[in-house]
1. Sort out which residues of the stretch 49-85 are in contact with a helix residue (DSSP H, G or I) (Cβ under 7 Å, 6 or more places away or on another chain) and closer than 17 Å to Val171 by Cα, and write them in order of number.
2. Could you identify the single residue in Thr106, Thr82 that is over 30 Å from Ser193 (Cα atoms), β-branched (Val, Ile, Thr), under 22 Å from the mean Cα position of the chain (by Cα) and open to solvent by 20 Å² or more (accessible area, probe 1.4 Å)?
3. Could you list all residues from the stretch 212-261 that are within 15 Å of Ala51 (Cβ to Cβ) and open to solvent by 50 Å² or more (accessible area, probe 1.4 Å)?
4. Could you say which residue among Thr162, Thr126 is of a type outside the set (A, V, I, L, M, F, W, C), in contact with a Gly (Cβ under 9 Å, 6 or more places away or on another chain), open to solvent by 30 Å² or more (accessible area, probe 1.4 Å) and over 24 Å from Val222 (Cα atoms)?
5. Consider Asn198 against the criteria (1) in contact with a Lys or Arg (Cβ under 7 Å, 6 or more places away or on another chain); (2) under 16 Å from Val113 (Cβ atoms); (3) open to solvent by less than 20 Å² (accessible area, probe 1.4 Å): it satisfies all of them except one. Which criterion is unmet?
6. Search the stretch 71-82 for residues that are on the phi < 0 side of the Ramachandran plot and pair each with any residue that is modelled with pLDDT of 95 or more and exposed (fewer than 14 other Cβ atoms within 10 Å of the Cβ) when their beta-carbon atoms are under 9 Å apart and the residues are at least 6 apart or on different chains.
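The values are calculated or read from the model by the stated rules, or taken from the named source; none is laboratory data. Keep in mind that this is a model prediction, so the values were computed, not measured. Virtual Cβ from ideal backbone geometry, glycine too; neighbours counted across all protein chains shown. The accessibility values were calculated without ligands, DNA or RNA, using every heavy atom of the protein model including side chains. Shrake-Rupley method; radii C 1.70, N 1.55, O 1.52, S 1.80 Å.
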Amino acid sequence: MKLSRIASFVSATTLTTALALTGAGAAHAGEKNATPAYTALGDSYSAGVGAGGYDGASGACKRSTKAYPALWAAAHAPASFTFAACSGARTGDVLSGQLGSLKSSTGLVSISVGGNDAGFADTMSTCVLKGEAACLSGVAKARSYIDKTLPAQLDKVYNAITSKAPSAHVVVVGYPRFYKLGGSCSVGLSEKSRTAINGAADEINTVTAKRAADHGFAFSDVGAPFTGHEICSDDAWLHSVTLPVDESYHPTADGQAKGYLPAFSSAA
């Protein structure tokens with residue numbers, strides 16, 4: 001074999017080997033950098049009630065294609081995506097019906113829960129229908145539950161998540177304040193009632209963030225992105241009283257896309 005042919009053979013062999021190694025390395029890097037399996041747990045705020053675009057197969061859970069978990073999954077293409085959040089879910093419902101997909105390979109979990117345990121829906125109904133005194137009493141009762149009972153309920157859920165998905169990065173997602181005080185609403189609840197409701201939202205976020213931190217979880221605070229977009233603002237990302245009534249006091253599609261999604265993304 002002539003020297004020129006030998007040189008060509010060596011060059012071609014070297015190039016082929018380099019390409020093979022580079023391709024293998026790129027494939028390995030792609031596997032290593034792939035977005036891990038993601039499971040979205042929780043209540044109506046994670047399911048996307050109020051945002052529209054509901055998946056008919058989800059039934060009464062009313063999971064929305066416009067909810068932040070679905071939007072995040074569409075943008076990041078995780079290895080798998082399980083959307084288990086459900087309207088009306090309490091901590092016990094998460095424990096009994098939403099943890100089935102969690103396993104050692106689960107890499108990301110999001111969850112919002114606690115509002116229904118504290119009687120969110122009943123409290124808001126009382127505030128709307130029964131006046132200021134009943135509203136303030138209902139809010140006080142909810143805050144007592146949040147302080148005294150909810151922490152242990154959250155611990156049960158967080159412990160179960162860690163047990164089933166020990167390697168997962170868990171993001172606990174909070175709730176927005178409902179009202180802009182001194183805002184544009186001329187009718188409806190009194191300013192004192194609105195202040196009390198906002199205080200309850202702050203309370204549940206404080207308690208939830210503390211429990212999340214104690215379990216080594218991240219907390220996604222949606223307060224900042226929703227500031228200026230509460231009910232009674234000029235550009236609300238939350239529904240007031242609506243028909244169907246279950247969408248009342250829930251984020252709109254903008255609330256999910258512009259409020260919840262960026263807050264969750266920064267913590268994920």
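1. Across the stretch 49-85, the qualifying residues are Ala67, Tyr68, Pro69, Leu71, Trp72, Phe81, Phe83, Ala85.
2. Thr82
3. Those that are within 15 Å of Ala51 (Cβ to Cβ) and open to solvent by 50 Å² or more (accessible area, probe 1.4 Å): Pro244, Asp246, Asp254, Lys258.
4. Of the residues listed, the single one that is of a type outside the set (A, V, I, L, M, F, W, C), in contact with a Gly (Cβ under 9 Å, 6 or more places away or on another chain), open to solvent by 30 Å² or more (accessible area, probe 1.4 Å) and over 24 Å from Val222 (Cα atoms) is Thr126.
5. (2)
6. The qualifying pairs are Ala79/Ser105; Ser80/Ser105; Phe81/Ala74; Thr82/Gly100.
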